[in-house]
Structure formats: C-alpha cells, structure tokens
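First the structure, in the form of structure tokens, and then the observations on it.
The values are calculated or read from the model by the stated rules, or taken from the named source; none is laboratory data. Just so it is clear, the model here is predicted, and its values are computed rather than measured. Cβ: placed from backbone, ideal geometry, glycine included. Neighbour counts: every protein chain shown. What goes into the accessible areas is simple: the full protein's heavy atoms, side chains included, and nothing from ligands, DNA or RNA. Shrake-Rupley method; radii C 1.70, N 1.55, O 1.52, S 1.80 Å.
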Amino acid sequence: MEMILIPAGAFTMGGTTNLDEQPERLLTLDAYMIGRTPVTVHQFKGFCTETGFDFSTIEVPRWLWIDDHPIVNVTWYEARAFCKWAGGDLPTEAQWEKAARGTDSRAYPWGNDFDVSHLRCSRAKIGDSKATARVGSFPSGASPYGCLDMSGNVWEWCLDHFAARYSARAKHNPTGPRSGRDRVMRGGSWDLTNPELFRCANRFDNDPSYCQDTDGFRLVCPVKDGSLIA
C-alpha cells in the first residue's frame with residue numbers, strides 16, 4: 001500500500017456552505033501518513049487471510065469483486081479492524097480533510113471548480129456510473145499532496161463520531177466528540193451527481209454498523225521524525 005506523508009502544520013478546516021461545516025477554522029495537525037488511494041479488495045483479502053476474518057461475510061457488489069477496486073460493503077468496525085491490523089487507524093476528519101484540500105482552502109482536491117473528468121461519479125442521474133472504478137483511475141483529480149479518489153468512487157469512513165457542528169475550541173489534532181451514535185463519512189461516491197456532495201468540506205453521518213456498496217475507507221499511520229512507524 002502506497003502511503004503519502006502529510007507534513008505537520010496548519011490548514012483551514014470546514015466551510016460556510018452548510019451548518020454542519022461550521023465554524024470554519026484554522027487547525028494544526030502533526031505529521032501523518034495516509035493511503036494514496038482507498039483500501040482495495042486485494043488488500044482487504046490479505047487482511048482476511050492473515051487474521052482469519054471470513055471474506056465471504058462481506059456482501060458481493062453487483063459488479064462482483066475486482067481486486068484493484070475499493071473494498072465496499074464494510075462497516076466502520078470492519079474498516080477499523082483492517083487499519084489496526086495494518087499498523088494504523090482510520091483518519092480523523094481533520095486528517096482526511098487536510099489530505100484532500102491542502103492548505104489553500106480549495107473546494108475540491110484539484111481546485112475550486114467541479115469537473116466530472118476528475119472523479120468517479122454519475123453524470124446524468126443517480127447511479128448511472130453503475131460501479132466503482134479502479135483506484136487511482138483519475139490522476140487529474142489528485143489532491144495537493146497526491147492523494148487520489150478523495151472525491152468520488154467511495155464514501156470513506158473516518159474515525160470521529162459525528163456532531164452537527166464542530167467544536168471551535170479544538171485547534172490541534174482534533175478527534176471529534178467523545179461519544180455519539182453515528183460516525184463520519186467523507187468524499188462522496190460513484191452513484192452521486194450533485195457537485196456539492198464531492199466538496200472536501202462536505203460531511204455525512206452514518207451508523208457504524210451499516211454498510212453499502214458506496215462505502216469504503218483509507219488507512220492512516222503515524223510518523224516519527226518523518227518516518228513511518230511500523
């Protein structure tokens with residue numbers, strides 16, 4: 001799995017478009033590593049082989065399993081189990097958003113204007129793209145750090161509990177509320193058409209025990225002195 005270093009420093013998180021993106025505020029994060037792409041079917045199968053997790057319990061999407069496509073139909077708990085096995089965790093909302101938008105407050109990973117050629121999404125009506133795409137199929141949609149598929153392809157589970165609004169007090173390595181029913185998802189998915197849903201600041205809440213063929217995740221790992229901690 002290719003990991004990308006996100007350097008320590010400040011960035012602007014949130015927005016003013018929707019109430020749950022407010023308040024827009026300046027945060028600082030320590031350095032971390034994040035997957036260049038979402039976790040793939042092939043990578044998740046490796047986790048199953050090593051841990052004994054029964055891959056057959058994951059519902060097969062209608063396009064069937066394709067090794068270099070994102071793993072889908074996994075719960076938050078299953079996604080986190082993979083990340084812990086791989087030596088990391090799910091990204092916090094703040095880690096996810098910084099990796100997606102960089103430090104210039106851009107609306108989308110590639111810039112401020114929506115362009116369907118930069119991501120896997122549906123064009124005319126919901127679901128018309130019919131399936132996920134191979135991870136990394138849209139290099140023109142890369143984030144400032146080189147992360148791919150951060151808009152479109154699959155919604156991505158984040159570590160945080162969902163809150164209707166951000167806390168303005170947490171300014172360094174925020175981890176979200178201490179409790180709550182739902183977890184955060186980011187990025188939009190292959191079946192959607194609305195450009196607003198693919199913005200870096202857009203947020204979605206989901207029951208952590210729920211799974212569907214639009215949902216995946218990516219890995220985050222800690223760093224020390226600029227090196228990946230094994």
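Is it the case that some residue within segment 127-135 is buried (at least 21 other Cβ atoms within 10 Å of the Cβ) and under 16 Å from the mean Cα position of the chain (by Cα)?
yes
Taking interchain pairs and intrachain pairs at least six residues apart, which have beta carbon atoms under 8 angstrom, with the first residue in segment 181-199 and within 17 Å of residue 13 (Cβ to Cβ) and open to solvent by 10 Å² or more (accessible area, probe 1.4 Å) and the second modelled with pLDDT of 95 or more and not in a loop (DSSP other than H, G, I, E, B)?
Every condition considered, the pairs that remain are 199/108.
Residues of segment 113-150 being touching a residue at least 60 places away in the same chain (Cβ under 8 Å) and closer than 16 Å to residue 2 by Cβ, which ones?
134, 135, 136, 145, 146, 147, 148, 149
Please enumerate the residues belonging to segment 61-112 that are outside any helix (DSSP H, G or I), among the hydrophobic types (A, V, I, L, M, F, W, C) and in contact (Cβ under 8 Å) with a residue 12 or more places away in the chain.
63, 65, 66, 71, 72, 74, 86, 90, 107, 110
To keep it simple, each residue is scored yes or no on (1) loosely packed, with under 15 Cβ neighbours inside 10 Å; (2) modelled with pLDDT under 95.
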residue	(1), (2)
13	no, no
25	no, yes
29	no, no
39	no, no
58	no, no
63	yes, no
84	yes, no
91	no, no
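Among 62, 80, which is more than 29 Å from residue 27 (Cα to Cα) and over 12 Å from the mean Cα position of the chain (by Cα)?
62
Taking segment 154-174 as the search range and keeping residues that are at pLDDT below 95 and over 15 Å from residue 95 (Cα atoms), which one is least open to solvent (accessible area, probe 1.4 Å)?
Taking the candidates together, the pick is 163.
If the requirement is being in contact with a strand residue (DSSP E or B) (Cβ under 9 Å, 6 or more places away or on another chain), hydroxyl-bearing (Ser, Thr, Tyr) and either modelled with pLDDT under 95 or open to solvent by 40 Å² or more (accessible area, probe 1.4 Å) (or both), which of these qualifies: 140, 151, 105?
The conditions single out 105.
Take the residues of segment 65-82 that are in contact with a Phe, Trp or Tyr (Cβ under 9 Å, 6 or more places away or on another chain) and among the β-branched types (Val, Ile, Thr): which is surrounded by the most Cβ atoms within 10 Å (Cβ to Cβ)?
If we take residues in segment 65-82 being in contact with a Phe, Trp or Tyr (Cβ under 9 Å, 6 or more places away or on another chain) and among the β-branched types (Val, Ile, Thr), then 71 is surrounded by the most Cβ atoms within 10 Å (Cβ to Cβ).
Applying the selection to segment 17-41, what residues are of a type in the set (Lys, Arg) and closer than 23 Å to residue 217 by Cα?
Across segment 17-41, the qualifying residue is only 36.
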